[in-house]
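Comments concern the structure below.
The values are calculated or read from the model by the stated rules, or taken from the named source; none is laboratory data. Computed from a predicted model, the values in this text were never measured in an experiment. Neighbour counts run over all protein chains shown; Cβ positions are idealised from the backbone, glycine included. Side chains included, ligands, DNA and RNA excluded: accessible areas come from the protein's heavy atoms. Shrake-Rupley method; radii C 1.70, N 1.55, O 1.52, S 1.80 Å.
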Amino acid sequence: MGGGRFGPVFAASLLLVIIDLCKGSTIGICYGRNADDLPTPDKAAELVKQHNVKYVRIYDANIQVLKAFANTGIELMIGIPNSDLLTFAQFQANAHTWLRNNILPYYPATKITFITVGAEATEFNSTSLVVPAMQNVLIALRKVGLHKKIKVSTTHSLGVLSRSFPPSAGAFNSSYASFLKPLLIFLADNRSPFMVDIYPYYAYRDSPSNVSLDYALFESSSEVIDPNTGLLYTNMFDAQIDALYFALTALNFRTINIMVTESGWPSKGSAKETAATPDNAQTYNTNLIRHVINNAGTPAKPGQELDVYIFSLFNENRKPGLESERNWGLFYPDQTSVYNLDFSGHGSVDVITGANITSSNGTTWCIASLNASEIDLKSALDWACGPGGNVDCSAIQPSQPCYEPDTLISHASYAFNSYYQQNGASDVACSFGGAGVKVDKNPSYDKCIYMTAGSNKTLSTNTTGIPSTSSSLARKVHISLSMWTVGVSVLFSLANGIVQGW
């Protein structure tokens, strides 16, 4: 009897472990709203969906934002501001009321997975309130059975460390000991991550004589050696993450994972902020995404999963401080890109001074409009790749040059341009019911070359004769889900065999 019970438990555990191992590191985006010219939350959610971003951090529990992300499948990290910490810390009933009014009416349609209680509290002298508030939020979640589905944590700046170099000497500031000890116990007990905001930009800006720009941008060809461990570092991001891991280890908290809740690079700054440029912002974020998606880990934690949220979705014109503070966005308020960015981490995006220059011979291309709805893009893409448009869409099939980034807007752009060029590059050929837009900047990247009028076919390698019908395109869209489903089915079969063997 005992063996019969153990078999299913073992099989189920094996399945969960394998699925968890397949998760991999993820890239999310921070959706700040400290501005008076931003698009509505509905449009912001649509923009995020178009770029296939699955994780979003917001800084409060705004009802309109929660509604906008309902039924999108996007996982939300929501925040309790520092200004509300006292209310949450004083009485558990306040946390329960907040949960009942602000979360439960929208969950699970809106997929909330994290609640951050306070933000960088050490910077605002509110540390004494954080852990009591976190405990009350957790109690409220436990009362409604959501404590295992929604994790509770708080975010920190790197200022929580008193020493970060060399990484192996990483140590927490002793003046925060009374705050950190109960916090780390809470995180370990509830398997919640240690959340930190990492900004190599500031390290370079404030000390350019000690930190090289290439080292901050993931572009360094040289290595920095940790004299205590012999570990080699080629970028500041990894060094800062490892300093935190070593600081946690020094306090015997070895099981707490780190999550980066903010990181990025500004595209514009004041006269003294010379590193705040679109090129540097594009380089940093492109390299960061690739580094994370490839599950590179860090020198001290090779292959360790690390989830990272890029700051920020939009430029925010009401943020105080230097010019750079208002220019961290990947998009302008009108939803146009500040610079090209490949969120998949698999493609190659040239910096603005490269392939993204304006054509000097009058050549134009047709791409998908960022303002088009997902429904309109899907309909236009299916038409272009089907009998109606008769476009050869083999290049956007899996393993082909234009498949990555695997997003609707990228695939639609390729198909729209092919139809546009094959039909005389006329205005009408780029309409697609308003879903297409003409540009004079070449959208080609890596081995994915967008055709121009007069060329017979996209100049690319590794293309095969895959049928370019709308049905094959639909199969392509669902291939990843199908492969995962088959994999899970195999695992369940394996589990069933194990159970029967017991």
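Looking across region 426-442, the residues that are modelled with pLDDT of 85 or more and either under 19 Å from residue 402 (Cβ atoms) or open to solvent by less than 30 Å² (accessible area, probe 1.4 Å) (or both) come down to 429, 430, 432, 435, 436, 437. Tell me, which residue of region 223-262 that is out of contact with any helix residue (DSSP H, G or I) (no Cβ under 8 Å at 6 or more places or on another chain) and part of a loop (DSSP other than H, G, I, E, B) is nearest to residue 78 (Cα to Cα)? Per the stated criteria, the residue is 257. Note on region 447-458: among residues that are at pLDDT below 80 and either small (Gly, Ala, Ser) or closer than 22 Å to residue 370 by Cα (or both), the one that is surrounded by the fewest Cβ atoms within 10 Å (Cβ to Cβ) is 454.
For (1) at pLDDT below 95; (2) assigned to a loop (DSSP other than H, G, I, E, B), each residue gets a yes or a no:
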position: 265; (1), (2): no, yes
position: 276; (1), (2): no, yes
position: 281; (1), (2): no, no
position: 290; (1), (2): yes, no
position: 295; (1), (2): yes, yes
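Summed over region 184-210, residues that are under 18 Å from residue 243 (Cβ atoms) and either part of a strand (DSSP E or B) or open to solvent by 50 Å² or more (accessible area, probe 1.4 Å) (or both) total 7. Counting the residues of region 105-124 that are within 19 Å of residue 197 (Cβ to Cβ), aromatic (Phe, Trp, Tyr) and modelled with pLDDT of 95 or more gives 1.
Across region 36-53, the number of residues qualifying as among the polar types (S, T, N, Q) and either open to solvent by 10 Å² or more (accessible area, probe 1.4 Å) or not in a helix (DSSP H, G or I) (or both) comes to 2.
Mind checking which pairs have a first residue in region 405-418 that is closer than 8 Å to residue 367 by Cα and a second that is aromatic (Phe, Trp, Tyr), Cβ under 7 Å, 6 or more apart or different chains? Partner pairs satisfying both residue conditions: 414/450; 416/432; 417/365; 417/450. Can you run down the residue pairs with Cβ atoms below 6 Å, 6 or more apart or on separate chains, where the first is in region 49-61 and touching a residue at least 60 places away in the same chain (Cβ under 8 Å) and within 21 Å of residue 155 (Cα to Cα) and the partner is surrounded by fewer than 22 Cβ atoms within 10 Å (Cβ to Cβ) and among the polar types (S, T, N, Q)? Listed pairs, sorted by first residue: 55/26. In region 170-182, the residues that are within 20 Å of residue 236 (Cβ to Cβ) form Cβ pairs under 6 Å with partners that are open to solvent by 40 Å² or more (accessible area, probe 1.4 Å) and not in a helix (DSSP H, G or I), at six or more places apart or across chains, as follows: 170/164; 171/162; 171/163; 173/162. Pull out all pairs, ordered by first then second residue, where Cβ-Cβ is under 7 Å, the residues are six or more apart or on different chains, the first lies in region 235-246 and is among the polar types (S, T, N, Q), and the second is open to solvent by 10 Å² or more (accessible area, probe 1.4 Å). These pairs meet every condition: 235/215; 235/218; 235/220; 240/158; 240/164.
Restricting attention to region 113-168, the residues that are surrounded by fewer than 19 Cβ atoms within 10 Å (Cβ to Cβ), in contact (Cβ under 8 Å) with a residue 60 or more places away in the chain and of a type in the set (Asp, Glu) add up to 0. The number of residues in region 211-263 being open to solvent by less than 30 Å² (accessible area, probe 1.4 Å) and charged (D, E, K, R) comes to 4.
The set of residues from region 54-67 being open to solvent by less than 10 Å² (accessible area, probe 1.4 Å) and closer than 20 Å to residue 331 by Cα comprises 56, 57, 58, 65. Scanning region 298-312 for residues that are touching a helix residue (DSSP H, G or I) at 6+ places or on another chain (Cβ under 9 Å), over 15 Å from residue 241 (Cα atoms) and either open to solvent by 40 Å² or more (accessible area, probe 1.4 Å) or modelled with pLDDT of 95 or more (or both) turns up at least one hit. Being hydrophobic (A, V, I, L, M, F, W, C) and without any contact (Cβ under 8 Å) to a residue 40 or more places away in the chain, is that true of even one residue in region 199-213? Yes, region 199-213 contains a residue that is hydrophobic (A, V, I, L, M, F, W, C) and without any contact (Cβ under 8 Å) to a residue 40 or more places away in the chain.
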